[in-house]
Every structure is written in C-alpha cells, then in structure tokens.
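Reading through the structure tokens given below for one structure.
Throughout, read-outs are computed from the coordinates displayed, never taken from laboratory work. This structure is a prediction, so every number in the text was calculated from the model and none was measured. Note that we place each Cβ from the backbone using ideal geometry, even for glycine, and neighbour counts take in every protein chain shown.
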Amino acid sequence: MSSGGARRETAVVLGGSVAGLAAARLLARHFSRVVVLERDTRPDVAIAEAAFAVWDRPSVPQFRHSHAFLARLRLVLLAHMPDVLDRLRGAGVREIELAETVPPGMAWTPRPDDEDVVLLACRRATFEWAMRESVRALPNVDLREGVTVAGLAGRAIDGARPEVTGVRLVDGTELAAALVVDAMGRRSKAADWLERLGAPAPRERVSDTGILYYTRFYRLHGAPPVGGTGLVAADLHWVKLAIFPGDQGTFSITVGPPVGDQALKRLADPAQFERFVAAFPAMAPWRTNGASEPIFGPSTPVLVMGQLRNRMRHFVDRDGPLAAGFVAVGDSLYHSNPIYGRGCPSALMTVELLDEALGLHPDDPIALARHYHEACETNVRPFWDAAVASDRRMLGDTRGIPSSNRAALIHMAEQAVGWFVDRGIVPATRVDPVVFRGLLRIFHMLDTPEDLVRNPELVMRTLPVLARVLRGDGPPSLFPPTPRERVLAELDA
C-alpha cells in the first residue's frame with residue numbers, strides 16, 4: 001500500500017461505478033485532485049435502502065442483479081477502505097463466515113486463517129452507495145455525474161506512441177490530467193479513443209459465456225424459512241440457480257439458462273418465474289407460506305441480462321504502454337461471466353495493484369504501466385482464465401485438439417482439470433473439510449485456481465471420493481436434481 005504524500009497533478013477517472021469509485025478513493029492518496037466523470041446521475045440519499053429504490057443506472061445493466069461480494073474484496077476494504085466496511089455494517093450488511101457455510105454433518109475444526117473467508121451478503125446498490133459516500137467525503141475528489149465523455153486528449157511526437165494528457169467532454173470542455181483511468185466497464189470505448197490518438201489497438205480476447213440471467217428481488221417476512229445462511233446454489237447442467245442473501249432482510253433469486261433454451265425465455269414473466277422457482281424443493285420454501293414478498297410488491301419485475309461475453313484487454317505490450325498516462329481497471333481489463341461473482345472483487349484487486357504501482361513509480365508513467373500490467377496478469381488473470389475454461393466446459397466445447405503442440409497441451413490440460421473438478425473435487429466438498437476449505441478459498445479468490453491441482457493434500461483427499469463417484473455411489477448432492485422435462489411440464493400445466 002502506498003502511503004506517500006499526494007502529488008500536485010490531477011487524475012481523471014472515467015466512470016463512477018464500483019471500480020471508478022474505488023479508484024478515486026485510492027488515487028486521492030497520490031494526486032492533489034481527482035475528478036470522477038460518471039454518465040448516470042444518482043441523487044444523494046441518506047440511506048442505502050433509498051439507493052436501491054431510486055437510483056437509475058442504465059449504464060450498469062447488472063446494477064439490480066444478484067451480487068456476491070467475495071472474501072478477497074472484503075480484505076481489500078479492510079486494508080485500504082475500512083470506512084466503507086463500517087458503512088456497510090451500519091447498513092445491515094451480513095458478514096457470513098466460512099464455518100456458517102459448512103455442509104450439514106461435516107466435522108469441522110476452525111483454522112486461524114478462516115477469519116479471512118467471509119462473504120458480504122449485500123445488494124449491489126448498497127455497496128455502491130457505501131463507496132460513493134466514502135468518496136464524497138474526500139476533500140480532493142470531485143465527483144461529477146450526468147457527464148458524457150467524447151474522447152481522450154493527447155499527443156504523439158515524431159511518430160512515437162501517444163501520451164494521454166486528459167479527456168474531452170461532449171460539450172467541448174477539455175480536462176487536463178496526469179493520469180486517466182478507464183473504469184467504464186465492459187462497454188468501454190477507450191480502445192477506439194486511443195486509436196484516434198494513433199495508439200496501437202489493444203490485444204483483446206473474447207469468448208461467449210453462453211448464458212442469460214433472470215433475477216427477481218424479495219424481502220423476507222421474519223426469519224428465513226430454512227436454517228443456515230440463505231446461500232443456495234446449483235448447476236443442474238441444463239440451468240443454473242442461486243439464492244443470494246442481501247442486506248436489510250432482502251434476497252434475490254437468479255436463474256441462468258443457456259442462451260439457446262427458447263422454452264425458458266418465458267421466465268421474463270413474473271408468474272412463470274414464480275412457478276419455475278416453486279418446482280425446486282430447495283428453493284420453494286423461500287416463496288411459499290408467506291415467507292417473503294417481491295421487494296416492490298406484485299409489480300416487481302424479473303430483470304433480464306444477456307449479451308454476456310468474457311473479455312480481456314491488454315493496454316501494454318512488449319514495447320510498453322499503448323499510450324502513456326492511461327490505465328484501465330475492473331471490467332475494462334477483465335470481464336468474466338457474472339455467475340462466478342468475480343466482477344467487483346477483481347475490480348478492487350486491480351485498483352489495489354494500481355495503488356501499489358503508483359507508490360513504486362510515481363514519476364515514471366512507462367514503468368508504472370508495465371508494473372501494473374504485470375501485477376494484474378499475475379494476480380487477476382488466472383481467475384479470468386479459469387472462468388473462460390469453465391464456460392467452455394459448460395458450453396460443451398466441441399473443438400478438436402488444436403494443431404499446435406502448445407495449444408493442444410493447454411486444451412488437454414483444461415479437459416483433464418475440468419473432469420477432475422467436476423467428478424472429484426466438487427463432490428468431495430460435501431464430505432471432506434480439507435477439500436471444502438480449499439475450494440472455498442479459491443472461490444473467494446484468496447488462493448489461485450491452480451491450487452486445485454497443485455495442493456497435494458487436497459488432491460490426495462479427493463481421490464477416494466473420485467473413486468466413489470466412478471463406482472456410482474458418490475456423495476449425494478445438496479440440491480436435489482430436477483429434470484428439465486418435469487419443470488417445463490409444470491410451467492405448461
């Protein structure tokens with residue numbers, strides 16, 4: 001963490017959502033002035049509940065969808081923004097500890113590092129409200145909303161790569177900046193803007209997630225209908241389902257069918273969505289016998305989010321940054337399938353790494369960009385790669401073995417690891433505390449995905465369970481499997 005004195009220059013952050021607010025919060029350590037430019041307008045509200053009700057975020061399609069704020073994000077808050085965590089606690093956010101999520105009947109012995117594995121049960125609106133209040137309290141941050149950016153300002157000298165010197169607004173105003181931070185998310189136009197300045201095109205990788213999301217929010221009447229944390233999740237291979245507990249007695253239900261499943265597009269209708277949820281014994285109690293009601297009453301919509309693609313952009317190559325004075329954070333760098341809950345944690349990880357790079361290279365934009373890029377590739381990229389590989393398995397990757405030796409080895413390794421995870425590690429989490437803890441630490445982004453196969457104890461303890469699965473007597477699923485045909489029949493009845 002950098003703790004040096006603030007510099008005299010101005011930094012401009014493009015986008016005032018979670019990544020942009022977090023960036024402003026830490027950039028304020030390094031710059032005498034930070035300007036945040038946000039396209040949407042959010043009225044000032046005194047409580048988080050009002051943010052969910054009145055904030056309209058057309059530029060953030062995931063704003064009112066389910067969110068999981070993983071342990072890695074909470075650790076960044078503890079280290080750099082403890083006031084944000086305090087605001088969240090004051091707003092009724094639950095902190096769900098690892099021991100609370102242990103499967104029923106599993107023998108459990110706590111470990112000291114379990115205190116790191118804590119999930120924040122929170123709506124996205126509540127989290128964004130807490131971040132925004134924190135930023136508004138900083139005297140050297142200027143948060144401007146309802147502002148549209150037209151492009152980047154900069155110059156290229158003697159055919160060299162350009163230097164970004166600020167941003168241009170649609171009204172013709174130009175803001176000078178020593179550093180411009182792209183926090184505009186997966187729809188960022190920064191690549192086009194850089195090209196207009198003469199910068200090379202960023203390297204980009206894109207792959208389909210193959211999934212849609214249907215989400216509806218609710219409020220409990222009294223205690224939860226079943227014991228435990230309220231976390232429910234299942235992948236039935238023909239659909240993904242989850243219940244996400246939130247703050248202030250709220251929760252959301254998300255259904256994720258494949259994009260091509262035409263029969264399930266009816267889930268956008270609230271009545272069909274409710275009948276669908278009622279077909280699953282593990283989820284039905286949350287909506288029966290008056291346990292809850294839709295958060296805005298019967299008119300509460302089912303929100304749909306589609307056109308989701310995994311996307312990774314590189315703004316640094318072997319010759320250095322594509323344009324000095326420019327960096328990107330969050331989904332502008334790594335955007336993966338939201339089902340894994342890695343969007344907000346990855347955003348805060350990139351901001352933390354940018355803070356580190358600014359502390360090490362305060363006066364060298366080239367070294368700053370290189371250090372930041374390498375740190376992100378080391379610490380964030382592995383989780384993006386794991387998400388892409390998992391989506392390929394879900395989609396039933398039908399590609400043949402690639403022709404090049406290196407690509408073929410990577411392809412075969414992905415297939416082998418996926419097979420081992422699906423048939424060995426996931427079933428073992430239901431009966432073995434070591435495997436359960438190991439997988440949850442990776443899920444929470446505290447350990448890397450490679451630890452699934454590099455941890456010898458975890459692998460050895462998985463093998464007996466894998467043998468059981470191959471014999472046909474593996475540990476029973478915590479979420480009873482329900483055939484697609486039966487559910488469709490209930491919808492059609």
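Table for the structure above
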read-out	value
Relative contact order %, the range 213-307, counting alpha carbon pairs below 8 Å whose residues are six or more apart	40 percent
For a label point 7 Å along the Cα-to-beta-carbon line of Glu490, residues of the range 241-275 with backbone N under 17 Å	241-243, 253-257, 264-275
Size of charge dipole - the range 401-493 - debye, nearest 20, with Cβ of Lys, Arg +1 and Asp, Glu -1, no other charges	240 debye
Over the chain, equivalent-ellipsoid semi-axes from the Cα gyration tensor in Å	38, 27, 22
Gain on full stretching of the segment that runs from Asp44 to Arg393 - 0.36 nm per residue minus C-alpha separation	121.2 nm
Residue order, fewest to most surrounding Cβ atoms within 10 angstrom, among Cys376, Cys344	Cys376, Cys344
Cα convex hull volume per residue for the range 10-66 (Å³)	97 Å³
Cβ-placed point charges (K, R +1; D, E -1), dipole of the chain about Cα centre in debye, nearest 20	700 debye
Helix-only [θ]222 nm of the chain, DSSP H runs n ≥ 4, -39500 (n - 2.57) each, per residue, nearest 500	-10500 deg cm²/dmol
Of all DSSP beta bridges in the chain, antiparallel share, percent nearest 5	70 percent
Residues Met283, Met184 arranged by fewest to most Cβ contacts within 10 Å	Met283, Met184
Helix axis angle, 365-379 relative to the chain longest principal axis, alpha carbon, degrees	10 degrees
In range of the label at Ala99: residues from the range 219-243 whose backbone nitrogen is under 19 Å from the point 7 Å along Cα→Cβ	227-231
Using alpha-carbon coordinates, inclination of helix 433-443 to the longest axis of the chain, degrees	40 degrees
Shape of the range 401-493, Cα gyration tensor, a/c cut at 1.5	oblate
Summed side-chain charge close to Ile295 - residues other than Ile295 whose Cβ falls under 15 Å, Lys, Arg +1, Asp, Glu -1	+2
Summed residue charge, Cβ within 11 Å of Phe63's Cβ, Lys/Arg positive, Asp/Glu negative	+2
Projected label distance in nm at Ser477 and Ala79, using a 7 Å step from Cα toward the beta-carbon	3.7 nm
Ascending count of other beta-carbon atoms within 10 Å, so fewest first, for Thr250, Thr173	Thr173, Thr250
When the convex hull of its Cα atoms is projected in every direction, mean area for the range 213-307 (nm²)	6.1 nm²
Acute angle (nearest 10 degrees) that the helix 71-80 long axis makes with the longest principal axis of the chain, alpha-carbon atoms	30 degrees
Contour excess over end-to-end distance, with Cα ends at Arg196 and Arg381 and 0.36 nm allotted per residue	63.8 nm
Point-to-point label distance, Ala107-Asn140, nm (Cα→Cβ direction, 7 Å offset)	5.6 nm
Extension gain, Asp363 back to Val206 (0.36 nm per residue minus Cα-Cα distance, nm)	53.2 nm
Which of Trp384, Phe217, Ala177, positive extreme of dipole for the chain (C-beta unit charges)	Phe217
